[in-house]
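K.L.:
Take a look at this one; I'll ask things after.
The values are calculated or read from the model by the stated rules, or taken from the named source; none is laboratory data. All figures in this text were calculated on a predicted structure; none of them were measured in a lab. For neighbour counting, all protein chains shown are included, and Cβ atoms are generated from backbone atoms with ideal geometry for every residue, glycine included. For the accessible areas, the whole protein counts, side chains as well, though only heavy atoms, and no ligand, DNA or RNA atoms are used. Shrake-Rupley method; radii C 1.70, N 1.55, O 1.52, S 1.80 Å.
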Amino acid sequence: DEIAQVHGKIKDWRKGEVEAIPGKTMPNLHVIKRDYPSTYEKMTTIGPNLKNGYGGKGVKIPGEKVFEELKSRLGVSKREGIGKGNPDLSTDEKAINAILLMSGASNGKRAVEGWKSMEAKTGQKLTEIAEAREEEDFTLKEITVQPRTSISTPMWSGMEKDGRRYSPFTVNTEYNLPWHTLTGRQSFYLDHEVMLDYGEGLPLYLPPLNKGPFIKTDKGVEENGKSITVRYLTPHQKWGIHTMFTEAKHMAQLFRGWQVVWMNEEDGHSIGIKDNDFIEVYNRNGAIAARAVLTYRIPKGMVYMYHAQDRTMGVPGTAVNKKRGGTHNSVTRITLKGTHMIGGYSQLSYGFNYYGPTGHQRDTMAIVRPLREVDWLEN
């Protein structure tokens, strides 16, 4: 599937340049039968298609044994319907334990099976990366009692073997695992037709799109005092994952408590914001309310709101839309670009990721101003 566009040339089957062959000269087609009355049963059980194997990133894990292990661990659904007799996912604990059993990062057998899959693809000896931990099998109860170090899995390019900390591409450099490119080496020149049309065959600097917070036809937002227009970014935390559990009791008592936006101290002072004040961040896409962290470490003209902070507590309403003030993505936008949608050319492939093929929306223009009244909208 990932070498379908030979020599990076796009042949248009709609114009008769090539025969339309799904998975070869056009995208794969899969016919999905929908059984909407059975949606609940399907969402609360694991279906027998798992027996055919599962995985991602070119890694395939055999499913027959996993399906039986899930039955044993979770029990089977006794409800009448399409899910009857299949592994039961009717509670949050069962869903979590299913994920832990199916993932090589938390189940040693799955890790070894994943490395065997990569051995078959690459001809390299790889299973010893995880064999010493093959019998480890995390459950929710175990990781609640005591944190566990994840197991090295081919879903990621780094290793945590022998107690080392994760470092990317160590599998490639230490086990001669080819990089996921046409040549198996790191690539700096990309000869795909679309990359060349954009003039991006080699790495180059492109300035960010400088779209304003609003466009001429927008109604805009009523002014209520001083404000500043800034570039708004949502990077990942250095020590974070997709949630920081910021609403757990211990986390809510650390640092500022709940969620924050980082801002240059001179920018903040210029519009009357003091450290730890509540602010509004808004543009034509939405609005955010959170506390401000003023610091010299953020460049002037820019604010950060770290990615994927929980937003169900500590979120007042905004004057912009009279609603509770949004997530980190509330003011961002999706802007599609042709180079992000190349498929069938080794590493230039993609699967849909929320609204677009990649997270390139995390740089936009927004307005920041003090939140005049902290209204929790309890009524």
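K.L.:
Quick one: order Val6, Val261 from most to least accessible surface, probe 1.4 Å.
P.N.:
Correct descending sequence by accessible area is Val6, Val261.
K.L.:
Separate question: Name all residues of region 96-138 having a backbone nitrogen under 12 Å from the label point set 7 Å from the Cα of Arg73 along its Cα→Cβ direction, giving them as ranges.
P.N.:
Label zone hits: 96-111, 136-138.
K.L.:
Same structure, new question: Efficiency by 1/(1 + (r/R0)^6): what FRET value for Thr139 and Glu80, r their Cβ-Cβ distance, R0 = 25 Å, to the nearest 0.05?
P.N.:
Computed FRET efficiency for Thr139 and Glu80: 0.30.
K.L.:
Check which residues have an amide H placed less than 5 Å from Met302's amide H, if you skip close sequence neighbours.
P.N.:
Under 5 Å from the amide H of Met302 lie the amide H atoms of Arg231, Asn264, each far enough along the sequence or on another chain.
K.L.:
What does the highest-first list of 277-286, 337-346 look like by mean Cβ count within 10 Å?
P.N.:
277-286, 337-346
K.L.:
Further question: Just order 199-209, 124-134, 172-182, 317-327 by mean Cβ neighbour count inside 10 Å, highest at the front, would you?
P.N.:
Per-residue mean Cβ counts within 10 Å order the peptides as 317-327, 124-134, 172-182, 199-209.
K.L.:
How much of the calculated P(r) for the chain lies past 35 Å, in percent of all Cα pairs?
P.N.:
Every Cα pair in the chain considered, those over 35 Å come to 45 percent.
K.L.:
In addition: Using 0.36 nm per residue, how much length does the chain from Glu373 to Ala120 gain when fully extended, once their Cα-Cα distance is taken away?
P.N.:
That pair, Glu373 and Ala120, stretches by 84.9 nm at full extension.
K.L.:
Run down the lysines and flag those whose C-alpha is under 19 Å from the C-alpha of Lys71, throwing out any fewer than 8 positions away in its chain.
P.N.:
The reachable lysines, counting only those whose Cα sits under 19 Å from Lys71, are Lys42, Lys51, Lys84, Lys94, Lys109, Lys141.
K.L.:
Run the numbers for Lys219 and Arg34: contour at 0.36 nm per residue of separation, minus the present Cα-Cα distance, in nm.
P.N.:
Details: separation 185, 0.36 × 185 = 66.60 nm, distance 4.16 nm.
Answer, rounded to one decimal: 62.4 nm.
K.L.:
Determine which lysines satisfy two conditions relative to Lys211: a Cα distance under 30 Å, and not lying fewer than 8 residues away in the same chain.
P.N.:
Output for Lys211: Lys219, Lys226, Lys238, Lys274, Lys300, Lys322, Lys323, Lys337.
K.L.:
Moving on to the next point. Below 12 angstrom from the Cβ of Val76, what's the summed charge of the other residues (Lys, Arg +1; Asp, Glu -1)? Intermediate values should be presented prior to the final figure.
P.N.:
Working: positive: Lys71, Arg73, Lys78, Arg79, Lys84, Lys94; negative: Glu68, Asp88.
Once all neighbours under 12 Å are counted, the net charge is +4.
K.L.:
Another question, then. Give the angle, between 0 and 90 degrees and rounded to the nearest 10, that separates the Cα long axis of helix 108-122 from the longest principal axis of the Cα atoms of the chain.
P.N.:
Relative to the chain, helix 108-122 is tipped by roughly 80 degrees.
K.L.:
Rounded, prolate or oblate, given the Cα gyration tensor of region 136-230, with a/c below 1.5 counting as rounded?
P.N.:
Here region 136-230 falls in the oblate category.
K.L.:
Run the quick spin-label model on Phe255 and Lys211: label points 7 Å from Cα toward the beta carbon, then report their separation in nm to one decimal.
P.N.:
Distance between the two pseudo-spin positions: 2.8 nm.
K.L.:
Using only Cα atoms and rounding to the nearest 10 degrees, what angle (0 to 90) does helix 92-102 make with the longest principal axis of the chain?
P.N.:
Its long axis makes an angle of about 50 degrees.
K.L.:
Over the Cα atoms, compute the radius of gyration (one decimal) and Dmax (the largest Cα-Cα distance, rounded to a whole number) for region 15-170, in Å.
P.N.:
Using the Cα atoms of region 15-170, the pair Rg, Dmax is 18.7, 62 Å.
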